[in-house]
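One structure, pasted below without further comment.
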Amino acid sequence: MPKFYKVIVRAPASIANLGPGFDVFGLALENPYDMVTITSISEGIRIEVNGISEGIPADPSKNTAGVVAEYILRNFSLKSGVYIRIDKGIPPGSGLGSSAASAAAVAFGLSKMFDLKLDYEQLICISAKGEVASAGFEHADNVSAAICGDFVIIRSYNPLEVIRLRTPPNMGVCVAVPKIPTSPKKTEKARSILPTAVTLEKLVHNVGHAASMAVGFALGDVKLIGRSMCDAVVEPVRASMIPGYQFVKDAAMKAGACGVAIGGAGPSMIAIVDEKDSVSSEVIKAMREGFKKAGVEAEAFFTKPGKGVSLLEAE
């Protein structure tokens, strides 16, 4: 029997990679976010998707939330079904961890509903299984950020070890989401074009920048974090998938951004700003203009790093 018959969970958007940290770095955002309501029913898994829901399947076997729910119900021998209502605030296919938020919300929510007392790493492992429905494989960068909040480093996948660092209070994030079509398996496609071999020079470059980014978060140095958002391996290849990539990057840096990168597999782009410089409005405008220069309209907004999944209501 469940401890609660209904729980409501808030799950944040997240950014993966941040430049050099492919499949290793993740950052939770304050906005946007998903609201997920899970209700106990007699049997089966039912999913309803509202809000920004275009292209999101309600079939539990094809939805990250449904895959996670099925895994938990089966592996913990829970004699119950669940009705999952997802009020989607994170646009799917944008590079903002939309699928990860749904997966993380259900793992966390079911742990609370059935008093499973799952720790962060257990929740991350289970949530990553849901990503197969969206990306075609398990990856934990977005779900780690969605579960833990702030900035996360996946030190090891096997066994899983995740390190969380708090974000500097003066760190701001400008996000630009271009209005271009994206395929349902966009992340899978974005991985398929990646190089299969890396030169020693590029390896040294990325290790140096990834290390300095971690130091930047540890020291609370926003400008060092920004200078470290430079990838020599993945981003140069994925840039070709984003019209206006270089225009956006150049414009944001000229407007005062500390660093610019593709959000996860894209097509969103993010710019880190030091709020002490009061440049966020100029950077947002510049990113929008950069996409416009390539003939693409974009939604651009400011947000902050955020906390992980949270329980809003249980009854």
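Could you tell me which numbered condition Gly109 fails, if it satisfies all but one of (1) in contact with a strand residue (DSSP E or B) (Cβ under 8 Å, 6 or more places away or on another chain); (2) within 27 Å of Met241 (Cα to Cα); (3) assigned to a helix (DSSP H, G or I); (4) not hydrophobic (A, V, I, L, M, F, W, C)?
So the condition that Gly109 fails would be (2).
Anything in segment 247-266 that is at pLDDT below 95 and either farther than 14 Å from Phe291 by Cβ or of a type in the set (Lys, Arg) (or both)? List them, or say none.
Gly264, Ala265
Hey, any hits in segment 141-163 for a residue that's crowded, with 18+ Cβ neighbours inside 10 Å and more than 25 Å from Phe217 (Cβ to Cβ)?
No: zero hits.
Output the residues belonging to segment 276-293 that are within 22 Å of the chain's Cα centre (by Cα) and of a type outside the set (A, V, I, L, M, F, W, C).
Ser280, Arg288 - these are the residues of segment 276-293 that are within 22 Å of the chain's Cα centre (by Cα) and of a type outside the set (A, V, I, L, M, F, W, C).
Would you confirm whether any residue within segment 117-136 is surrounded by fewer than 19 Cβ atoms within 10 Å (Cβ to Cβ), over 16 Å from the mean Cα position of the chain (by Cα) and of a type in the set (Val, Ile, Thr)?
no
Could you tell me which of the residues Met287, Met229, Met253 is surrounded by 24 or more Cβ atoms within 10 Å (Cβ to Cβ), in a helix (DSSP H, G or I) and either among the hydrophobic types (A, V, I, L, M, F, W, C) or assigned by TED's automatic domain parsing to the domain that holds Val204 (or both)?
Met287
Any residue that is surrounded by fewer than 19 Cβ atoms within 10 Å (Cβ to Cβ), part of a loop (DSSP other than H, G, I, E, B) and not polar (S, T, N, Q) - is there at least one of those in segment 26-46?
Scanning segment 26-46, I find at least one residue that is surrounded by fewer than 19 Cβ atoms within 10 Å (Cβ to Cβ), part of a loop (DSSP other than H, G, I, E, B) and not polar (S, T, N, Q), so the answer is yes.
Another one. Would you mention how many residues in segment 47-79 are surrounded by fewer than 13 Cβ atoms within 10 Å (Cβ to Cβ) and outside any loop (DSSP other than H, G, I, E, B)?
Final tally of qualifying residues: 5.
If we scan segment 163-174, do we find a residue that is at pLDDT below 95 and farther than 19 Å from Val273 by Cα?
no
Something else about it: In segment 133-150, what residues are among the hydrophobic types (A, V, I, L, M, F, W, C), in contact with a Lys or Arg (Cβ under 7 Å, 6 or more places away or on another chain) and modelled with pLDDT under 80?
If the condition is that a residue be among the hydrophobic types (A, V, I, L, M, F, W, C), in contact with a Lys or Arg (Cβ under 7 Å, 6 or more places away or on another chain) and modelled with pLDDT under 80, then Ala133 is the only one that fits.
The values are calculated or read from the model by the stated rules, or taken from the named source; none is laboratory data. Because the structure is predicted, anything quoted here is derived from the model rather than measured. Because the Cβ atoms are built from the backbone with ideal geometry, glycine has one as well, and the counts that use them run over all protein chains shown.
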